[in-house]
Each structure stands twice: as C-alpha cells, then as structure tokens.
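Working notes, structure below.
Each reported figure results from applying straightforward, stated rules to the coordinates on display, with no laboratory input. Keep in mind that this is a model prediction, so the values were computed, not measured. When we count neighbours, we look across all protein chains shown, and the Cβ atoms used for this are built from the backbone with ideal geometry, even at glycine.
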Amino acid sequence: MTASLPRQTEAPDTRERPAESPGHKARRRALTLLIIGLLIGVPAGYLVISAAQSRDSGKAKEAKYSATGLSAGWPSKVQRRLYQVNVPHPADQIAYYETNNWKTSRLYVQFRTTVAGLDSYLQALGMRRDDLKPDDLPISGRDQKITGWDFTGSGPWSGFTCKQKNPAPSQDVVVNMSDPTYPMVYVVSRTVP
C-alpha cells in the first residue's frame, strides 16, 4: 500500500485579474509618491524648523553672553538673588552686566530710583543714608572702565563698601545725588566661588 499524499486545493479565486487601466495605474503611482513624499517631507520639515529655532536661540544666548558693557534692563531674579542686589521699585534707567571667571564673579548694576527707593535699597544691605560717605568712590577705575561709568560729572557723589564674609557677595556702592528727588545708584557686587 502506498500512502497517498494530501492534495493541495486550489485557491478559491484563481481567476486572473483584469489588466489595470492606465488612468488607475497613474492614480496609484501618484498616491504612492504622495505618501512617500509625506513620510520624508514632514520629518525633514520639522528638522529644518527645529534647527532654525535652535540656531536662533543659540544666537540670542551668544549675544547675551558676549555682550561687553552694560545691557539695558533688569538683571534676572537669579542674578539679583545670587549677588544680593535688590533693585527697588520704582526704578528706571536700569542696566546691568555680569562677568565670571574662576576667581571672582561680578554683577554691575545701575538704576535711578526715588529717595524712598534708595532708603529701601540701603536698608536691604543693613545700611542707611547716613552711612554714605561724601566723595567716597569705592568702585575701582577698572570697574568704571568695564561699564563706562564716569564719576566726574555733577554731584554730590557718595558711597560705601559693604563687605561680607565669603561666599556672600561684597558690594561697592556709589550714589549720585545731583537730582535729590531721583538719586542714581551704581553697584558692583562681587562674589568669590
């Protein structure tokens, strides 16, 4: 006896497909090209947009950190807290500049405020207006050159140095009272990491 092999059944639909019409073939190819284009184009477009945004962000940061001299505006909250420079409200003509190196970090800040604002600023340092020494300009010539400050104009000028133990920042403060209603304050806050 010979074993019979199982027979393979024919596929249920063995009819030949009709030839594809040229119009249908063109639509199918166009749809395939569109899908491939979208699969490649959408991620590529996203990468281009993302790269442009990243590049713009980098340029803004580069401009900020390569700035030399004072930049108009408020120092960040982190800078104000780190250097303990409490710019009072109200204040205007605010500008700042930060330098960092392995030895000393400095924040230069200038602002114009009211008499009450000056008192508030000095009180935050544990000082009073009586502590301002007439014609005392503790901000060094080097620091004046970096910021472009010139303390030779109309005054009266007064200042003091508020020294603190490291790592707390020490501050050199100069106040111009040429307009007694709106004194101009110049601060150099130094911290040693």
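If you scan the stretch 113-141, which residues turn out to be assigned to a strand (DSSP E or B) and surrounded by 15 or more Cβ atoms within 10 Å (Cβ to Cβ)?
Across the stretch 113-141, the qualifying residue is only Thr113.
Tell me the residue from Ser178, Ser170, Ser158, Ser120 that is free of Cβ contacts under 8 Å to residues at least 40 places away in the same chain and more than 21 Å from Ala91 (Cβ to Cβ), please.
Ser170
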